[in-house]
Amino acid sequence: MRKIIILEEAAEDIEQARDFYDAQQQGIGDYFTESITADILDLRELSGVHTQHFGFFRMLGSRFCFGIYYRERGNDTLVAAILDLRRDPKWIRKQLRQRPNK
């Protein structure tokens, strides 16, 4: 089983999305966080099977239209970004270029 490491930038993505959804309706942000966390934990067994986009593997969120972008390093899976897939692909590419290449 792989070790999952959520990079600081990805944790910030989750916080921003949680705040966005809570602004829509109280409690949805917590549901988002629980859902995306469960998806990330699935990477312990599914890491590396997803297609690559902009130099990262991308797992699709199961309940929200978000991409979980990650890289593999040895036995570790580094989660670099959690991005809303409804955004312009150019914006997504720009965000990923700014993420650490660890």
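For the stretch 51-91, how many residues are small (G, A, S) and over 10 Å from the mean Cα position of the chain (by Cα)?
Number of matching residues: 3.
Residues are listed down the side, and each one gets a yes or a no for (1) of a type in the set (S, T, Y); (2) out of contact with any Leu (no Cβ under 7 Å at 6 or more places or on another chain); (3) at pLDDT 95 or above:
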| site | (1), (2), (3) |
| --- | --- |
| M1 | no, yes, no |
| E15 | no, yes, yes |
| Y21 | yes, yes, yes |
| D30 | no, yes, yes |
| E34 | no, yes, yes |
| L46 | no, yes, yes |
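The values are calculated or read from the model by the stated rules, or taken from the named source; none is laboratory data. None of the values given here were measured: they were computed from a predicted structure. Neighbour counts run over all protein chains shown; Cβ positions are idealised from the backbone, glycine included.
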